[in-house]
1. For the range 33-45, check the following and say yes or no: at least one residue is modelled with pLDDT of 95 or more and either among the β-branched types (Val, Ile, Thr) or under 18 Å from residue 81 (Cβ atoms) (or both).
2. Take the residues of the range 224-248 that are in contact (Cβ under 8 Å) with a residue 12 or more places away in the chain and of a type in the set (Ser, Thr, Tyr): which is most open to solvent (accessible area, probe 1.4 Å)?
3. Looking at (1) open to solvent by 90 Å² or more (accessible area, probe 1.4 Å); (2) without any contact (Cβ under 8 Å) to a residue 24 or more places away in the chain; (3) in contact with a Pro (Cβ under 8 Å, 6 or more places away or on another chain), which one does residue 88 not meet, given that it meets all the others?
4. Determine if the range 24-32 includes at least one residue that is out of contact with any Ser or Thr (no Cβ under 7 Å at 6 or more places or on another chain), in contact (Cβ under 8 Å) with a residue 24 or more places away in the chain and assigned to a loop (DSSP other than H, G, I, E, B).
5. Take the residues in the range 107-131 that are open to solvent by 20 Å² or more (accessible area, probe 1.4 Å) and of a type in the set (Ser, Thr, Tyr); name whichever of them is modelled with the highest pLDDT.
6. If you check 266, 211, which single one turns out to be open to solvent by less than 70 Å² (accessible area, probe 1.4 Å), under 12 Å from residue 305 (Cβ atoms) and of a type in the set (A, V, I, L, M)?
Amino acid sequence: MEVIAVTTAYVYVGVKGSHNLDTGIQKSVWGWKPDVIVGTDYHQVLQSLREGDRLCLGHRGLGRIQAPDAQSRTVPKLVVARLTGGLYQDGEKVWDDEDGETAYTYRVPLEIEEIRYDVTSDDIGPEGIEALRMSAIRNGTPELPGSRESVMERVLEEVLEEYGGEPLDEEDPEDSAKLDLPSALDVPSYTLARREQKIVRARKLDGRTEVPCDLCQLLLPKRLVHTAHIKRRSESLHHERRDLNNVMFACVLGCDSLFEHGYVYVASDGSIRPSDAVRASADLSTAVGRVGTRCLAYSDASAPYFAWHRENIANVKGR
């Protein structure tokens, strides 16, 4: 049986468009003015839509705001419609505010599937919210959502520009206390750091359910293995935070903490060695003893990150 892909486009309808939205629902049609469509990429977007595709009309809640702010907003009303045909032109009056110069002549026929209320990024994804935000900025243009990863990268970039600092990192001990906050105190940097970490982890796992710890080399279920930054995320440049060579698998059976706190480090030849701090405790030496002898994540590309950890966290110079 052939599976037909369904395209979903998003359109934002502001407060002033409330009556027009009700009319569009009643008459099963939505339209745009020529000056919004003609000669733009949005004309191509509308031409690409076919019968069976979906148009989501988000009503209020966003407007001309920044991407990070939009991700925490609620859209009070989302009209989900299935197109019953493609783009067509018609000058017959449908909406009360139409006249000769402001007619919404570029139209698509539709059938309402459902009306949802109090919609957030948890419901339609950050890419859906971002598409509605861009439509709001561009006066109700039809927007196709980008990939979730590209959307979150854009959001993170705007956060960095606005706050002039780094999003908190749930794997950085210096930030962990700040991250352990009740949801009522949630802030954009906290949420975005967690979302970014999920993206990096998904790329590193690449669909696997079991992965080897790069330090002890045990093959473990993914829930027992962290994706740990080698060079602390709070110290990494923007491109370094997204570099998979700066991320390794470290298990929760001890390897993650031993590396994070500098009790073990990776030498310039890729071997795993205990730091001087281990000598103070026989039990700590025993714990370090279960770690492997070579790091699976060591390579020419990751060597500079391990050198940073070695010098700054394990306090080892010139090895």
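The values are calculated or read from the model by the stated rules, or taken from the named source; none is laboratory data. Remember, it's a predicted structure, so these values are computed and weren't measured experimentally. Every residue, glycine among them, receives a Cβ derived from its backbone with ideal geometry; neighbour counts consider all protein chains shown. SASA here: full protein model, heavy atoms, side chains in, ligands and nucleic acids out. Shrake-Rupley method; radii C 1.70, N 1.55, O 1.52, S 1.80 Å.
1. So far as the range 33-45 goes, no, none of its residues is modelled with pLDDT of 95 or more and either among the β-branched types (Val, Ile, Thr) or under 18 Å from residue 81 (Cβ atoms) (or both).
2. Looking at residues that are in contact (Cβ under 8 Å) with a residue 12 or more places away in the chain and of a type in the set (Ser, Thr, Tyr), I get 234.
3. (1)
4. The answer is yes, given that some residue of the range 24-32 is out of contact with any Ser or Thr (no Cβ under 7 Å at 6 or more places or on another chain), in contact (Cβ under 8 Å) with a residue 24 or more places away in the chain and assigned to a loop (DSSP other than H, G, I, E, B).
5. 117
6. Testing whether each residue is open to solvent by less than 70 Å² (accessible area, probe 1.4 Å), under 12 Å from residue 305 (Cβ atoms) and of a type in the set (A, V, I, L, M) leaves just 266.
Each row is one residue, and each column tells you yes or no for (1) modelled with pLDDT under 90; (2) of a type in the set (Asp, Glu); (3) surrounded by 15 or more Cβ atoms within 10 Å (Cβ to Cβ).
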position	(1), (2), (3)
283	yes, yes, no
306	no, no, yes
314	no, no, yes
317	yes, no, no
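Here is a yes/no grid of residues against (1) over 24 Å from residue 62 (Cα atoms); (2) outside any loop (DSSP other than H, G, I, E, B); (3) among the basic types (Lys, Arg):
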residue: 79; (1), (2), (3): no, yes, no
residue: 91; (1), (2), (3): yes, no, no
residue: 95; (1), (2), (3): no, no, no
residue: 99; (1), (2), (3): yes, no, no
residue: 109; (1), (2), (3): yes, yes, no
residue: 117; (1), (2), (3): no, yes, no
